[in-house]
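I'd like to ask some things about the structure below.
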Amino acid sequence: MAKLSPLLKQATPVLAERGEGVYLYDADDRRYLDFTAGIGVTSTGHCHPRVVEAAQKQVATLVHGQYTTVMHRPLLRLTEALGEVLPAGLDSLFFLNSGSEAVEAAIRLARHATGRQNIVVFQGSFHGRTMGAAALTTAGTKFRAGIGPLMPGVAVAPFPQSYRYGWDEAEATRFALRELDYLLATASSPRDTAAFVVEPVLGEGGYIPAPPGFLEGLRERADRHGILLVVDEVQTGFGRTGRFWGHEHAGARPDVLISAKGLASGFPLSAIAAPAALMERGWPGSQGGTYGGNAVACAAALATLEVIRDEDLVAAADRLGARLGDGLRKVAADHPVIGDVRGLGLMRASEFTTPGGEPDAATAARAQQAAAGHGLLLLTCGAFGNVVRMIPPLVVSEPQIDDALALWSAAVADAAA
Ligand code: PMP
């Protein structure tokens with residue numbers, strides 16, 4: 001009898017039989033508040049009726065058009081619909097399946113478009129597990145150890161992590177930008193540098209929002225040196241941070257935007273967007289894949305965009321995120337094991353530290369496990385594994401936020417005991 005590989009590491013022991021809105025149900029019909037949303041994917045909730053209907057209809061019409069062979073309408077319609085929500089000028093789209101694949105596509109595009117090789121990334125970032133994306137990933141050595149040599153041509157600059165440095169955000173930002181200038185002067189010449197690849201909020205790296213001025217500083221340097229600013233919105237896109245795109249919290253426009261996760265409510269779909277003039281510097285056939293832009297995934301994405309618009313989910317993420325943030329700060333005030341609470345919109349986290357301010361992964365893990373025991377599903381993140389994050393579906397209600405906070409408070413009390 002075949003068994004699942006032990007390579008799979010699961011955050012909870014739950015066997016999910018079905019999902020509805022913000023809830024998952026196990027085989028005994030025990031209900032869990034799902035504040036993981038499938039790692040920030042099911043923003044419209046589990047099995048939103050409009051997404052289900054769109055997917056069911058498409059399954060019965062055309063499942064696999066295969067976009068390098070034939071074109072199909074869901075892909076054309078989705079392209080048009082994304083045009084309404086993408087930043088002005090990013091009017092050319094290419095579709096793939098996963099965040100990692102879209103990151104790979106962005107690397108290819110940046111190298112093709114600039115004729116330069118190097119990619120500068122920011123320490124603590126996560127961009128995926130495929131070999132190119134892994135080379136860009138510094139969210140923890142667990143994503144890199146033992147698989148090298150990784151793709152060359154990657155330089156790592158600091159990300160302004162004010163809590164870890166013990167500095168204020170302005171000071172951390174000044175430091176990070178000064179170090180970037182130093183990197184460009186010493187290690188990765190602008191003449192060789194194709195792109196900066198950055199997350200608007202470090203995701204797997206610990207839910208650390210880019211402080212004011214950081215993305216603007218990257219934009220200014222990108223313009224000065226002809227370097228592309230590639231923004232990885234895989235986790236921050238589609239309303240997650242209380243703006244449609246995470247980078248909208250800053251006054252900086254990307255040259256290339258990478259999206260996935262929240263795009264299709266759980267169907268595998270990702271996209272890169274860039275100005276047509278930039279895409280034209282690649283060439284037809286230089287990107288692709290068997291399953292990219294799958295028709296059912298595109299139909300689900302179209303319905304997802306409609307739900308986000310019709311249910312005003314971006315504003316909801318902003319409003320409910322503020323409530324979640326306030327509640328998390330109250331829990332932290334009662335429990336000194338939590339050293340920092342941060343995040344934007346419905347992308348919030350609590351960082352566990354020892355009395356000496358060192359990362360405390362053991363207490364974070366106990367809190368995450370205790371929460372699951374209380375019926376609240378959560379994930380950890382951060383390079384040291386000491387951050388517990390909350391990423392509920394954007395359709396979450398105020399009472400559900402309050403329920404989650406009550407369960408969280410109990411879980412932290414259990415963990416700290
Ligand atoms: N970029 C970011 C910012 C992510 O958060 C992730 C996934 N956590 C990825 C890329 C990779 O996406 P995928 O797992 O779909 O390959």
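So how many Lys-Lys pairs in the chain land under 25 Å Cα to Cα, not counting same-chain pairs under 8 apart?
Lysine pairs satisfying the spacing and distance rule in the chain number 5.
Apply the Karplus parameterisation 6.51 cos²θ - 1.76 cosθ + 1.60, with θ equal to phi minus 60°, to every residue of the stretch 328-344 and state each ³J(HN,Hα) to the nearest whole Hz, in sequence, with x for glycine and proline.
5, 5, 5, 4, 5, 5, 7, 9, x, 5, 9, x, 8, 10, 7, x, 9
Can you work out the base-10 log of I(q)/I(0) for the stretch 31-134 at q = 0.21 1/Å, using the Debye formula on its C-alpha atoms alone?
-1.38
A follow-up question, please. Select from Pro355, Pro392, Pro87 the residue whose mean-square fluctuation is largest in a Gaussian network model of the chain (Cα-Cα springs shorter than 10 Å).
Largest GNM mean-square fluctuation: Pro355.
If amide hydrogens are placed 1.01 Å from N in the peptide plane, which non-local residues have theirs closer than 5 Å to the one on Gln123?
Ala157, Phe159
Considering the options Pro336, Tyr291, Gln58, tell which one lies farthest towards the positive end of the dipole of the chain, charges being +1 on Lys and Arg and -1 on Asp and Glu at the Cβ, about the Cα centre.
Of Pro336, Tyr291, Gln58, it is Tyr291.
Can you work out ³J(HN,Hα) from phi for every residue in the stretch 167-177, in order, using Karplus 6.51 cos²θ - 1.76 cosθ + 1.60 and θ = phi - 60°, giving whole Hz and x for Gly and Pro?
10, 7, 4, 5, 5, 5, 5, 4, 4, 5, 6
Just to check I understand the Karplus step: with θ = phi - 60° and J = 6.51 cos²θ - 1.76 cosθ + 1.60, what whole-Hz values come out for the stretch 294-311, glycine and proline as x?
So the J values, rounded to whole Hz, are 3, 5, 5, 4, 5, 5, 5, 5, 4, 5, 4, 4, 5, 5, 4, 6, 5, 9.
Return the long-range amide H neighbours of Gly339 (sequence gap of 5 or more, or a different chain), with a cut-off of under 5 Å between placed amide H atoms.
Close amide H contacts, sequence-distant or interchain: Glu351, Phe352, Thr353.
Further question: Taking the Cα centre as origin and putting +1 on Lys and Arg beta-carbons and -1 on Asp and Glu beta-carbons, what dipole magnitude results for the stretch 47-121, to the nearest 20 debye?
Once rounded to the nearest 20, the dipole reads 120 debye.
For the chain, set up a Gaussian network in which alpha carbons nearer than 10 Å are linked by springs, and say which option among Pro190, Pro160, Pro399 fluctuates the most.
Highest fluctuation among the options: Pro399.
Mind checking the dipole of the stretch 51-310: about its Cα centre, +1 per Lys or Arg Cβ, -1 per Asp or Glu Cβ, Debye to the nearest 20? Let's see the in-between values first.
Numbers: 22 positive and 24 negative charges, 105 e Å.
In debye, rounded to 20, the stretch 51-310 gives about 500.
Excluding Arg281 itself, calculate the net charge of residues whose Cβ lies under 13 Å from the Cβ of Arg281, where each Lys or Arg counts +1 and each Asp or Glu counts -1.
Summing Lys and Arg as +1 and Asp and Glu as -1 gives +1.
Still on this structure: Could you work out which residue, out of Leu76, Leu305, Leu202, moves most in a Gaussian network model of the chain, that is, has the largest mean-square fluctuation with Cα springs under 10 Å?
Leu76
Of the trypsin sites (Lys or Arg not before Pro) in the stretch 1-70, which ones lie in a loop per DSSP and count no more than 10 other C-beta atoms within 10 Å?
When the trypsin sites (Lys or Arg not before Pro) of the stretch 1-70 are filtered for loop state and at most 10 Cβ neighbours within 10 Å, Lys3, Lys9 remain.
Counting other beta carbons within 10 Å of each residue's own, what order do Glu204, Glu358, Glu306 fall into, fewest first?
Ascending Cβ contact count within 10 Å gives the list Glu358, Glu306, Glu204.
Set Lys and Arg Cβ to +1 and Asp and Glu Cβ to -1, take the dipole of the stretch 51-310 about its Cα centre, and tell me which of Val120, Leu257, Leu86 lies farthest positive.
Value: Val120.
Hey, another quick one. So what is the relative contact order of the chain, in percent, for Cα pairs below 8 Å that sit 6 or more residues apart?
After rounding, I find 23 percent.
Hey, another quick one. Once amide H atoms are built 1.01 Å from N in the peptide plane, which residues 5 or more positions from His46, or in another chain, come under 5 Å H to H?
Counting only residues 5 or more places away or on other chains, the set is Glu20, Gly21, Val22, Tyr23.
Then there's this: Could you tell me which residue out of Ile208, Tyr67, Ala157 lies farthest along the dipole of the chain toward its positive end? Charges go on the beta carbon: Lys and Arg +1, Asp and Glu -1, centred on the Cα centre.
After comparing all options, I get Tyr67.
Please state the equivalent ellipsoid semi-axes for the chain: what are the square roots of 5 times the Cα gyration tensor eigenvalues, largest first, in whole Å?
Semi-axes (√(5λ), whole Å): 32, 28, 19.
Taking the beta-carbon count within 10 Å as an exposure proxy, list His225, His249, His112 from fewest neighbours to most.
His225, His112, His249
Coordinate-derived values only; no laboratory data. Predicted model only: the values in this text are computed from it and were never measured. With ideal geometry, Cβ positions are generated from the backbone for all residues, glycine too; neighbour counts draw on all protein chains shown.
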